[in-house]
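**Student:** I'd like to ask you about the structure that follows.
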Amino acid sequence: MDWQDILRNQVGVWTILALRPRASLTRKSRPVVWPLRLIVAALLAAEIGATARVAIQQYHVSQLLPALYDFRQPDPSPFWDGVIAPVTDHAIDAHKRALRISLSTAHYSGVSLHNLPEDWRDYDRLVIDLYNPQDHPLPMILRINDMEHDLGDNNYNDRFNTRLPLTPGPNQFKLDLDRIKAAPESRSMNMQTIRRLILFTVALPEPKTLYLRDIRLE
């Protein structure tokens, strides 16, 4: 629940009162009812428009496969959590677009792709291209989980976890999806409802930066 939920509930109540004034405990004159109806209509239009924009966005996400993210997006925040920003002029090899990930010294620091195509059943591998601009290795951890894990108790053994040792410069990792599917200890991961992909570090001694250049399925 959040304030947007409360507002939607209120708009529902106001809609009934505007369309059926007799439902109100106080009788309202016609000059008062019509302005209220216009206000409620405007609020409904705004809510419907917001819902439509989300629906369109989710449709585009579902059509991204085999890509898991569209690097042409000007704002990654509807798709990612964490300190992450698009970069188009970093001139790393031939790549024109990337996401710059800023890592802090917090115990866990990273980014989470939470709005992504969820049905991975028709693919064999996950491919991740990362660029480490430091002159020393950067230890990263990759976590992937399905919807069942999100709705459960967040057990470590109920998701996929692996280390990604980044050497200086470009790094490409290819992971078999069968390995990801078999990761939960007491079940198979539901490859039709992949919910979250997280890249993070643990207790860095100082802030670091890396670039995500590609993330896709094959």
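The values are calculated or read from the model by the stated rules, or taken from the named source; none is laboratory data. From a predicted model like this one, the values you see are computed outputs, not experimental measurements. Quick reminder, even Gly has a Cβ in these numbers, built from the backbone with ideal geometry, and neighbours come from all protein chains shown.
**Student:** What's the number of the only condition in (1) at pLDDT 95 or above; (2) over 17 Å from the mean Cα position of the chain (by Cα); (3) surrounded by 13 or more Cβ atoms within 10 Å (Cβ to Cβ) that Gly152 fails to meet?
**Tutor:** (1)
**Student:** Just one of the numbered conditions (1) exposed (fewer than 13 other Cβ atoms within 10 Å of the Cβ); (2) modelled with pLDDT under 95 is not true of Glu206; which one?
**Tutor:** Exception for Glu206: condition (2).
**Student:** Now for a separate question. Do we have Leu177 as surrounded by 13 or more Cβ atoms within 10 Å (Cβ to Cβ) and in contact with an Asp or Glu (Cβ under 8 Å, 6 or more places away or on another chain) here?
**Tutor:** yes
**Student:** Shifting gears a bit: Only one residue in Leu212, Leu197, Leu177, Leu217 is of a type outside the set (Ser, Thr, Tyr), without any contact (Cβ under 8 Å) to a residue 60 or more places away in the chain and in contact with a Leu (Cβ under 7 Å, 6 or more places away or on another chain), so which one is that?
**Tutor:** Result of the check over Leu212, Leu197, Leu177, Leu217: Leu177.
**Student:** Now for a separate question. Name every residue in the stretch 176-197 that is of a type in the set (Ser, Thr, Tyr) and either touching a strand residue (DSSP E or B) at 6+ places or on another chain (Cβ under 8 Å) or at pLDDT below 95 (or both), in order of residue number.
**Tutor:** Across the stretch 176-197, the qualifying residues are Ser186, Thr193.
**Student:** Could you grab me the full set of residues in the stretch 5-36 that are loosely packed, with under 10 Cβ neighbours inside 10 Å and at pLDDT 75 or above?
**Tutor:** Matches in the stretch 5-36: Asp5 only.
**Student:** Can Leu204 be described as touching a strand residue (DSSP E or B) at 6+ places or on another chain (Cβ under 7 Å), over 16 Å from Pro137 (Cα atoms) and of a type outside the set (Asp, Glu)?
**Tutor:** Taking the combined requirement at face value, the residue does not satisfy it.
**Student:** Name the residue, out of Pro86, Pro117, that is surrounded by 12 or more Cβ atoms within 10 Å (Cβ to Cβ), in contact with a helix residue (DSSP H, G or I) (Cβ under 9 Å, 6 or more places away or on another chain) and of a type outside the set (S, T, N, Q).
**Tutor:** Selected residue: Pro117, the only one of Pro86, Pro117 that is surrounded by 12 or more Cβ atoms within 10 Å (Cβ to Cβ), in contact with a helix residue (DSSP H, G or I) (Cβ under 9 Å, 6 or more places away or on another chain) and of a type outside the set (S, T, N, Q).
**Student:** Ok, one more. Considering only residues that are more than 13 Å from the chain's Cα centre (by Cα) and part of a loop (DSSP other than H, G, I, E, B), which ones fall in the stretch 105-135?
**Tutor:** Within the stretch 105-135, Thr105, Ala106, His107, Asp119, Trp120, Arg121, Asp122, Tyr123, Asp124, Pro133, Gln134, Asp135 meet the criteria.
**Student:** Asp146 - would you say it is surrounded by fewer than 16 Cβ atoms within 10 Å (Cβ to Cβ) and within 19 Å of Leu217 (Cα to Cα)?
**Tutor:** In short, no.
**Student:** Can you name the number of the only condition in (1) in a strand (DSSP E or B); (2) over 21 Å from Val87 (Cα atoms); (3) charged (D, E, K, R) that Asp153 fails?
**Tutor:** All conditions pass for Asp153, except number (1).
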